[in-house]
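The values are calculated or read from the model by the stated rules, or taken from the named source; none is laboratory data. The structure displayed is predicted, hence computed values, not measured ones. Every residue, glycine among them, receives a Cβ derived from its backbone with ideal geometry; neighbour counts consider all protein chains shown.
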Amino acid sequence: MKATAYGSYNELVQDSNVDIIYVATPHSHHYQNCRLAFENNKPVLCEKALTVNADQAKILFEEAKKRNLFFMEAVWTRYFPLSIEIRKAIQDGKIGEVLRVNADLSIGEIPEESFDTGHRMVNKDLAGGVLLDLGIYSLTWLFQTIYHTLPAEKRQTPKVIGVVMTPEPRTGADEATTMLLDFPVSTPTGKSRAHGIATAGLRTHFDHGRDTKQATPAVRIFGDKGEIQVFGAIYRPSRYRITYAKDGDKQQPDEDKTFEFPGGIHGMSWEADEAARCFLAGRLESESMPWSESITIMETMDEVRRLGGLTYPEIIETTKYPVDMQAKKSGHVETVNRM
């Protein structure tokens, strides 16, 4: 298939040969980019974090519903065979009731050396910082293991109990964030409550030895009958292990499984396949990443930011559309009149 180059986003969304738009710009621009696609009746697969705040996400879902357009948050990790197997193991009760999940994504980068102040990782004008870029993956593991494994009617919004943020010294974006969540309903039976601890950081490291038996798990899912450990960078893990609690004198052996990413695709194909299946079936949303769950996660991150005191410029927080994203911040938002 021949690739087509466009001189502007307007040209792209107006091309009748384009079936669906994949939005992979910085999160600061997702809201405006998705609105443009919807305005031209294009379905959208949009990168995480879906938007800067929950109000923007809610409006996007309203627009998609009003226009009868497919819309999905592109959290690629959710569609990996590894993730699907882990969720099924939880639902099948293999580790009993899940009572706590710890998840960390840290990348071991000194921001002053690795990122200039204009880089999206630390630039607040681009919604920079670890929460929306890395912390979303830590939260993904909490939500997909504690929340999503319950039937939809039993899922309840967790409460953000505590937040600690460390600001990047040059820009004030969060360079390290720790979140403690209280999930009121445990999984799979709902007989208890569950704790979630999500962390993300620039300067700290996760264990890179994911292909060795000595690797340290970056995600630990604790049940009352065992534990699931996930190894590697949690956005693209390649291995998990289930360890079982001793039952009297009996000790069930560990289950250890490694996954391959075929053909050098690095995992993006599974979310693309899901979007294609939903689009061709005439669905508006995916059961694996439903609109209601995307909103709940955005609301959770809003509360994390509120407790941590992290704010972004008005021009990327606004729900106004269209907005001139090139306008320099001068205490107001400049809207654009379309001809």
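Here are Ile297, Ile315, Ile228: which of them is in the same structural domain as Leu180 (by TED's automatic domain parsing) and of a type in the set (A, V, I, L, M)?
Ile228
Please give the helices (runs of 4 or more DSSP H) falling wholly within segment 50-126 in which 2 or more residues are under 19 Å from Met268 (Cβ atoms).
So the answer is 81-91.
Can you tell which of Ser138, Ser114, Ser106 is at pLDDT 95 or above, surrounded by fewer than 17 Cβ atoms within 10 Å (Cβ to Cβ) and small (Gly, Ala, Ser)?
Result: Ser114 is the single residue among Ser138, Ser114, Ser106 that is at pLDDT 95 or above, surrounded by fewer than 17 Cβ atoms within 10 Å (Cβ to Cβ) and small (Gly, Ala, Ser).
What are the pairs, 6+ residues apart or on separate chains, where a residue within segment 252-265 that is touching a residue at least 60 places away in the same chain (Cβ under 8 Å) has its Cβ under 7 Å from a residue that is part of a loop (DSSP other than H, G, I, E, B)?
Pairs found: Phe259/Ser238.
If you go through segment 238-271 one residue at a time, how many are crowded, with 17+ Cβ neighbours inside 10 Å, within 17 Å of the chain's Cα centre (by Cα) and farther than 23 Å from Leu150 by Cα?
1
Within segment 143-180, how many residues turn out to be of a type in the set (D, E, K, R) and farther than 14 Å from Pro111 by Cβ?
4
Step by step: first the residues of segment 294-320, then only those that are closer than 25 Å to Lys66 by Cβ and surrounded by fewer than 21 Cβ atoms within 10 Å (Cβ to Cβ), then the one that is farthest from the chain's Cα centre (by Cα). Which residue is that?
Lys320
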